[in-house]
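Read the structure below first, then the notes.
The values are calculated or read from the model by the stated rules, or taken from the named source; none is laboratory data. Source: prediction; values computed, not measured. Every residue, glycine among them, receives a Cβ derived from its backbone with ideal geometry; neighbour counts consider all protein chains shown.
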Amino acid sequence: MTDPVRGLTGTLTSPIRGAGMLGEVLVAIRGGTELYIARADEAISAGTTVLIITVNPGRILDVVPWIPLAPDRPEEM
């Protein structure tokens, strides 16, 4: 059984201080929220929204900072 969190976003509740270090991410799933262990290739501060790219054994998620796409807004005159 695979964990359905891959491709979802979550919020870091504790920072990832650098490559190879661990933090925690809160993910909204199954009508509630769950905490997972998170790791990344770079430091990411607590409170940052992240995208889950890989689910590993032991509830360890590989994450990257989430950069939402915003529609182009017309310039104001």
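Overview of values
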read-out: Identity of the residue in the stretch 34-77, aliphatic (A, V, I, L, M) and surrounded by fewer than 10 Cβ atoms within 10 Å (Cβ to Cβ), that ends up modelled with the lowest pLDDT; value: Met77
read-out: Total residues in the stretch 1-13, condition among the small types (Gly, Ala, Ser) and closer than 14 Å to Ile60 by Cβ; value: 1
read-out: Search result, residues across the stretch 8-24 that are without any contact (Cβ under 8 Å) to a residue 24 or more places away in the chain and among the hydroxyl-bearing types (Ser, Thr, Tyr); value: none
read-out: Whichever residue in the stretch 16-31 is in a strand (DSSP E or B) and either at pLDDT below 95 or of a type in the set (D, E, K, R) (or both) and, among such residues, is surrounded by the most Cβ atoms within 10 Å (Cβ to Cβ); value: Glu24
read-out: Selection count where residues are under 24 Å from Leu69 (Cβ atoms), small (Gly, Ala, Ser) and more than 8 Å from the chain's Cα centre (by Cα), scope the stretch 1-45; value: 5
